[in-house]
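Inspection log for the structure reproduced underneath, given as structure tokens.
The values are calculated or read from the model by the stated rules, or taken from the named source; none is laboratory data. All values derive from a computational prediction rather than experimental measurement. Every residue, glycine as well, gets a Cβ built from its backbone with ideal geometry; the counts of neighbours run over all protein chains shown. For the accessible areas, the whole protein counts, side chains as well, though only heavy atoms, and no ligand, DNA or RNA atoms are used. Shrake-Rupley method; radii C 1.70, N 1.55, O 1.52, S 1.80 Å.
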Amino acid sequence: MGVGVSWLDLGLMVAMYFIGCHGITIGFHRYFTHGSFKAKRPLRIALAVMGSLAVEGPLVRWVADHRKHHKFSDAEGDPHSPWRFGETVPALMKGLWWAHIGWMFDEERTPQHKYAPDLIKDPALRAISRQFVLWTVVSLAIPPLVGGLVTWSWWGRSRRSSGVRWCGWRCCTVTWSINSICHAVGKRPFKSRDRSGNVWWLAVLSCGESWHNLHHADPTSARHGVLRGQVDSSARLIRWFEKAGWAYDVRWPAKSRIEARRQNVSADAA
């Protein structure tokens, strides 16, 4: 029985991380919240489960909160704006913590029937959302179970290192940094009515979500990283789903639409 982190540990950590991360970015966000594409029912259910495994809250609540965020982005009513407490450095530090994780424990709840009625009407999605605790348990059980089956040592090294895998996988909370960091700093090449910015160094770990300025300029776009060199693994997977016939009516951004949203484009430019 060894001690430390093995290649199996790292492999499980990376696999679980990106399953949960893409479940959030493709499923909860681009599909369920914004309708960036349509999905065949098996993919629809799979994305709901994958996103639930990321342990960022029940599907219906997540979508309702995010739709409310877009309605009031960085203004009064936004559930998780880092500018909630003001613009001084101490206020922003407090706001960053609030936007990253504090808002999840707020007693105020977004009315789900108002912001996510379409999800509530779907019995399967409603059930997956209500079974959030079950999916949390499943997400905790998968790493030690797989590790135990591979090493044939449930109580040995696999079990001891499961905590390492779990902690690493929980780094999927980097997607929460989109609420905090990407609304406080970053480049803003596109016009939006809030402070959303592009943060390049979060692009890979956020599965393309940190190209956040374009997202707020064009929320229903299936691709967030629209400029040259902007890595967006979520958009790449959506493209593969489309080619496989699992996704359709994908809202890919047209070049003219992108250019129309650039900051240097104005009505009187002519």
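Observations on the model:
- Residue of 247, 260, 99 that the Gaussian network model of the chain assigns the largest fluctuation, springs spanning Cα pairs under 10 Å: 260
- Qualifying trypsin sites (Lys or Arg not before Pro) for segment 195-260 [loop in DSSP, other Cβ within 10 Å: at most 11]: 228
- Highest-fluctuation residue, 135, 200, 240 considered, GNM on the chain with Cα pairs under 10 Å: 240
- For the chain, built as a Gaussian network whose Cα springs stay under 10 Å, the top-fluctuating residue of 22, 80, 69: 69
- Multiplying the residue separation of residue 220 and residue 45 by 0.36 nm and removing their Cα-Cα distance gives an extension gain of 61.0 nm.
- 10 Å Cβ shell holding at most 10 others, DSSP loop, GluC sites (Glu not before Pro): longest site-free stretch of the chain: 109-270
- Taking a point 7 Å from the Cα of residue 114 along the Cα-to-Cβ direction, the residues of segment 52-91 with backbone N closer than 20 Å to it are 58-81, 84.
- Virtual spin-label span in nm between residue 236 and residue 149, 7 Å along Cα→Cβ: 2.7
- The fraction of accessible area contributed by carbon and sulfur in the chain is 63 percent, rounded to a whole number (1.4 Å probe; ligands and nucleic acids excluded).
- Cβ-Cβ distance of residue 124 and residue 185, R₀ of 35 Å, FRET efficiency by 1/(1 + (r/R0)^6): the value works out to about 0.35.
- Within-14-Å neighbourhood charge of residue 188 [Cβ basis; K, R +1; D, E -1]: +3
- Residue 75 versus residue 131: modelled label distance in nm, points set 7 Å from Cα along the beta carbon direction: 4.0
- Subset of 114/243; 94/255; 71/255 violating a 30 Å alpha-carbon distance limit: 114/243; 94/255
- Sum of side-chain charges, residue 250 neighbourhood, beta-carbon under 10 Å (Lys, Arg +1; Asp, Glu -1): +3
- For the set 105, 241, 18, 32, the ranking by accessible area, highest first and with no ligand, DNA or RNA atoms included, is 105, 18, 241, 32 under a 1.4 Å probe.
- Heavy-atom SASA rank of 233, 52 (probe 1.4 Å, accessible area, largest first): 233, 52
- Relative to the longest principal axis of the Cα atoms of the chain, the long axis of helix 132-151 makes an angle of roughly 50 degrees.
- Between segment 201-231 and segment 24-56, the Cα center-to-center distance that results, in Å: 17
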